[in-house]
Amino acid sequence: MKKFLLIDDHLVVRSGIKLLLTDMYKDVEISEAENGDSAMQLLKADTYDLITMDVQMPNTDSFALMEHVKKEYPKAKVLMFSMSPESIYAIRFIKAGAKGFISKSAPLEEMKIAIDKVMNDKKYFSEEVLMELTEGDGGSNSNAFDLLSPREFEIVQMLLNGKTISHIAADLSLGLSTVGTHKGRIFQKLKVTNLLELKELANSYL
């Protein structure tokens, strides 16, 4: 029996992946988690042949969750499945241990190919991600968001999700001044001056 764990805050997305997996494999057991906390509980109780995970979920640091899975469950195969732009997130998550990254807007057949490759212990990359990997960190098309530290990357995700400095400070148990300092460094590294420019920069990678 194949065991799958779907981590996504949208029920309709999980339902769609379930239908796909039950079509691809005859004997399956599928568990679902809507955030990092529920995913952690399931991971402690069982092992899975494949984990699909969204990048942006409420009250969840997906990057930290990916790093935890890699450290505590090194044999776990993780496929990132998200609407978040590949050019910003894919390389970082792959370096953190994910086997692949696929867009939710990808055709059904591409999703099947990605799942099949990851299940066979291979990696799945879109042509865009392959190009970035080939060019390397010093390529002319290098991703500006790669300049950020893990903490800065976590904060920039929260800013892009509409969270205020006070909300971010509370969620991360940090002081307001600390978050403000991180925000200033983020803006400096990305060469933006406000949230609108930050969102425009992120959208430019779509």
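The single condition among (1) touching a residue at least 24 places away in the same chain (Cβ under 8 Å); (2) in a helix (DSSP H, G or I); (3) under 30 Å from residue 169 (Cβ atoms) that residue 9 does not meet is (2). Counting the residues of the stretch 27-74 that are closer than 19 Å to residue 120 by Cα and outside any helix (DSSP H, G or I) gives 13.
A Cβ distance below 7 Å, combined with a sequence gap of six or more or placement on separate chains, defines the contacts here; from the stretch 155-172, residues that are within 18 Å of residue 64 (Cα to Cα) reach residues that are among the basic types (Lys, Arg) and part of a helix (DSSP H, G or I) in the pairs 155/183; 160/199.
Among residues of the stretch 104-117 that are under 16 Å from residue 15 (Cα atoms), those with a beta-carbon under 9 Å from a residue that is acidic (Asp, Glu) and modelled with pLDDT of 90 or more at least six positions away or on a different chain give the pairs 104/54; 112/23. Looking only at the stretch 75-96, which residues are surrounded by fewer than 17 Cβ atoms within 10 Å (Cβ to Cβ) and part of a loop (DSSP other than H, G, I, E, B)? Those that are surrounded by fewer than 17 Cβ atoms within 10 Å (Cβ to Cβ) and part of a loop (DSSP other than H, G, I, E, B): 75, 83.
In the stretch 130-166, the residue that is farthest from residue 189 (Cα to Cα) out of those that are modelled with pLDDT of 80 or more and over 19 Å from the mean Cα position of the chain (by Cα) is 166. Number of residues in the stretch 1-55 that are under 19 Å from residue 108 (Cβ atoms) and among the polar types (S, T, N, Q): the value is 3. When restricted to residues that are out of contact with any Gly (no Cβ under 9 Å at 6 or more places or on another chain) and in a helix (DSSP H, G or I), the stretch 157-180 contains 15. Among residues of the stretch 118-129 being surrounded by fewer than 17 Cβ atoms within 10 Å (Cβ to Cβ) and not in a loop (DSSP other than H, G, I, E, B), the one that is modelled with the lowest pLDDT is 128. If you go through the stretch 184-202 and pick out every residue that is in a helix (DSSP H, G or I) and either free of Cβ contacts under 8 Å to residues at least 24 places away in the same chain or in contact with a Ser or Thr (Cβ under 7 Å, 6 or more places away or on another chain) (or both), you end up with 6. Look at residue 163 and say whether it is more than 25 Å from residue 13 (Cβ to Cβ), surrounded by 15 or more Cβ atoms within 10 Å (Cβ to Cβ) and not assigned by TED's automatic domain parsing to the domain that holds residue 7. Considered against the rule, which asks whether it is more than 25 Å from residue 13 (Cβ to Cβ), surrounded by 15 or more Cβ atoms within 10 Å (Cβ to Cβ) and not assigned by TED's automatic domain parsing to the domain that holds residue 7, residue 163 comes out as no. Of everything in the stretch 97-112 that is hydrophobic (A, V, I, L, M, F, W, C) and surrounded by fewer than 20 Cβ atoms within 10 Å (Cβ to Cβ), the residue that is farthest from the chain's Cα centre (by Cα) is 108.
The values are calculated or read from the model by the stated rules, or taken from the named source; none is laboratory data. If you're wondering where the values come from, they're calculated on a predicted model, not measured in any experiment. All Cβ positions, even for glycine, are placed from backbone atoms using ideal geometry, and neighbour counts span all protein chains on display.
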